[in-house]
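The values are calculated or read from the model by the stated rules, or taken from the named source; none is laboratory data. Since this is a predicted model, take the numbers as computed values, not measurements. Positions of Cβ are backbone-derived with ideal geometry, glycine not excepted, and every protein chain shown enters the neighbour counts. Just so you know, the surface numbers come from the protein's heavy atoms only, side chains and all, with ligands and any DNA or RNA stripped out. Shrake-Rupley method; radii C 1.70, N 1.55, O 1.52, S 1.80 Å.
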Amino acid sequence: MDLAREPDTKGTATGARTGPTTDSGAPSPTFQALSPTFQALSPILQDLARRVSAATDDELPALLDAFWRDVEARGGTPLVEPVEGDPLYRAVTFLWRGHRATRQVLLLANRLVDREHLADALLTPLTGTDVWHRTLRLRADHRGSYRLAADLSPGDLPADPGTRQLRLRALAPHAAHDPRNPHRIGDRWGQPDSSVFALPDAPAQPWTARRDGIPRGRVERHRLPAGALGTERDVWTYLPPGGPKPDSPVVVLCDGDMWFGRLALEDTLDALAADRAVPPPVVLAPDAVDRLTRWHDLTARDDYVTFLADEVLPRAAERLSLTLKPARTAVAGQSLGGLTSLYAALRRPERFGAVLAQSPSLWWRPGLPHGVPKLSPADETPWLAERFATDTPPRPPLRVHLDVGLHEGAMVDHSRCMYETLAARGNLVSLREYNGGHDYACWRGGIAEGLVNLLGRAGTARPPS
């Protein structure tokens, strides 16, 4: 098994990094305004503008209807076009079909938008038409999610930048999926779906879609007493096709309500098993409950680690006759769940011998206000990396797979620091850097790759072509 770091071979992602926060459990980087450096011209829109300027009032409706039909014929939005003279990039055009009441249209693209300067993320109307557009120049291996929101409020738009920012902030919660993009990804806790786009060179995600004609595993949901937490918790359990075996690997996964709710991780696990990419695992995934509970549980809490190690695992092992050997037990998570996974392995190495941490929230450190992310500088050693660096008890090497998006600001540097720290302590560690953001659109493919890296039998993983 190759556990070397996977370097970024195509340079850095477009967009500046560092900055304020969102409600997603991770700091959002501050990007420079979407200046011409990060924009491109769409040949399709340029051609439309020329034809519109030459059309009569009678010809214009038919011309616009033909344009929107052509958009659908191309597979919907966003439009993806080559950048002349630069084959590593694409011009990506986000579109909205407005009407007379449309005042402005806001693009919320994961990690491509600075939420402190939302005016820079507005689509531009093509004069005299119903076409609103924004074209970005993105590297051809980018994958991400986005939402759109149209402002139909009456009255003049505020001229003052501060007042306009407040209006756009009020508009942002109403953003939803792009009606002309057929590719969506679900969310939870009442949040709307997002739309997903993947540029031509984005890494394949061969195990994410539901596949017909293969054996199916089973998903169960159990209510467990959680003595360490002083309450009860739902735990989602995936049992592989044919049922678990005594030597089945076990994966304890954070955010079970998301993975076995809107994301249908069981389809990925079934496909991995069918391709013999991994020994079919049992997955135990506690429900995150809600945002505040998630923050409470997944910020390096010893009581939550006790819940995972001494309650979730032993009960499942007894009920399903599973092994509790750390070499066969992994802990996994994303964002704050990635932080928790690393912390659990640090605290309980006799339980967890492998870690899959995707976009781990290594900016977190003790003392932060409850529910308020705060980004630490990129050159600051993360608190958890320091804990690993000063950990003295002798222990078997951990197997660790780290995953982070190049648009995640200082989190990239934090993940690299964690990689170096773990490797220096003799652990078997890999780091994959992908061109995307803090995004389930990327994580749902990355979780399969991480499981293959940590659990896969050498030479047997054969993703479909």
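A 1.4 Å probe run over the protein chains yields, for segment 304-380, 33 Å² of accessible area per residue, whole-number rounding.
What segment 130-185 shows is 46 Å² of accessible area per residue, with the surface traced by a 1.4 Å probe over protein heavy atoms. With the simple model of a label 7 Å out from the Cα in the direction of the Cβ, residue 102 to residue 70 spans 1.7 nm. Of the peptides 41-53, 305-317, 257-269, the order by per-residue mean of other Cβ atoms within 10 Å, starting with the highest, comes out as 257-269, 305-317, 41-53. Model label sites at residue 191 and residue 319, defined 7 Å from Cα along the beta-carbon direction, differ in position by 2.8 nm. Under 1.5 on a/c is rounded, so check that first for segment 286-424, then, if it is not, pick prolate when a/b is larger than b/c and oblate when it is not; a ≥ b ≥ c are the square roots of the alpha carbon gyration tensor eigenvalues. It comes out oblate by the Cα gyration axes.
Extension gain, residue 211-residue 310: 0.36 nm per intervening residue step, less the Cα-Cα distance, totals 32.1 nm.
The residues of segment 209-268 expose on average 44 square angstrom of accessible surface per residue, using a 1.4 Å probe on protein heavy atoms. The solvent-accessible area of residue 185, taken with every protein chain present and a 1.4 Å probe, is close to 10 Å². Across segment 312-465, the mean sequence separation of Cα contacts (distance under 8 Å, 6 or more residues apart), normalised by length, yields a relative contact order of 20 percent.
Each listed q (0.06, 0.07, 0.09, 0.13 Å⁻¹) maps to a log10 I(q)/I(0) for the chain from the Debye sum over equal C-alpha point scatterers, namely -0.28, -0.38, -0.62, -1.19. Taking the accessible area of the chain, probe 1.4 Å, and keeping the other protein chains in place, the carbon and sulfur fraction comes to 52%. Could you tell me the center-to-center distance, by alpha carbons, between segment 231-245 and segment 370-392 in angstrom? Taking the Cα centre of each part, segment 231-245 and segment 370-392 sit 32 Å apart.
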